1. For region 48-106, how many residues are small (Gly, Ala, Ser), over 17 Å from Arg11 (Cα atoms) and in a strand (DSSP E or B)?
2. Looking only at region 56-90, which residues are touching a residue at least 40 places away in the same chain (Cβ under 8 Å) and under 23 Å from the mean Cα position of the chain (by Cα)?
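The values are calculated or read from the model by the stated rules, or taken from the named source; none is laboratory data. Keep in mind it's a predicted model, so treat the numbers as computed, not measured. Here the Cβ positions follow ideal geometry from the backbone for every residue, glycine too, while neighbour counts run over all protein chains shown. To get the accessible areas, we keep the full protein, side chains included, count just its heavy atoms, and leave off ligands, DNA and RNA. Shrake-Rupley method; radii C 1.70, N 1.55, O 1.52, S 1.80 Å.
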Amino acid sequence: MSSSTFRLILRTGPSPGMVHDLEEEVIMIGRDVANNVVIPDTEISRQHARLTRSPAGYVLEDLGSTNGTFINGERIAAARVLNPGDLIAFGETVTLTYDAISPEAAATVAHPVAEPAAPPPAQKAPQTWEAQAPPAAVAIPPGEAAPPRKRLAVGIAGVGIAILVLACLAILVYMWNMPQSQWCIILTPLRIFGFEFPGC
């Protein structure tokens, strides 16, 4: 393995298909821009994990992240040596595959590497899983977003109607208890049309 070079290929999360060539002895992974591998996703901690080169390849270590680091579906609690083909997950939405390529292969496939999103057939299992996840996340919010808005509109309309009814009732109560002298003042314009009101 010492003669091989290694890389991480982003499968799900921001910029799927992005290839990160691993060249440094120590590689920091996280959301912060100061990391060697920056993954701007809310599932990723500012400094989420660390890769350290060893004679057998790279060793992956979680740095106390909030959402955890997983290798092939198993959450790791201690540093672990990676094997080519391993599926790495950070939280629930970000997955990457760990690849080893020989220096000769790296020279011949230096530029086209980013184009094929799924290099070997053995890596198709993660893609089936990732293809199912995004539709579920996208389909749920639109259906749930409408009812709260309708409820809010109905609530505002109900409050408005209640205030209007109370105002009408207050006016009627006031008019019912109004002294006769005030009634005479209000009804005075009707005398022009020949109406007479007893007591006025």
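1. Here is the first cut: in region 48-106, the ones small (Gly, Ala, Ser) are 49, 54, 56-57, 64-65, 68, 73, 77-79, 85, 89, 91, 100, 102, 105-106.
The next check asks that each one be over 17 Å from Arg11 (Cα atoms); those that pass are 49, 54, 56-57, 64-65, 68, 77-79, 102, 105-106.
This time we only want the ones that are in a strand (DSSP E or B), so: 49, 54, 57.
Adding up the residues that qualify gives 3.
2. Leu87, Ile88, Phe90
Residue-wise test of (1) over 23 Å from Ala77 (Cβ atoms); (2) open to solvent by 70 Å² or more (accessible area, probe 1.4 Å); (3) modelled with pLDDT under 90; (4) not aliphatic (A, V, I, L, M).
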site	(1), (2), (3), (4)
Ser2	yes, yes, yes, yes
Met28	no, no, no, no
Ile44	no, no, no, no
His48	no, no, no, yes
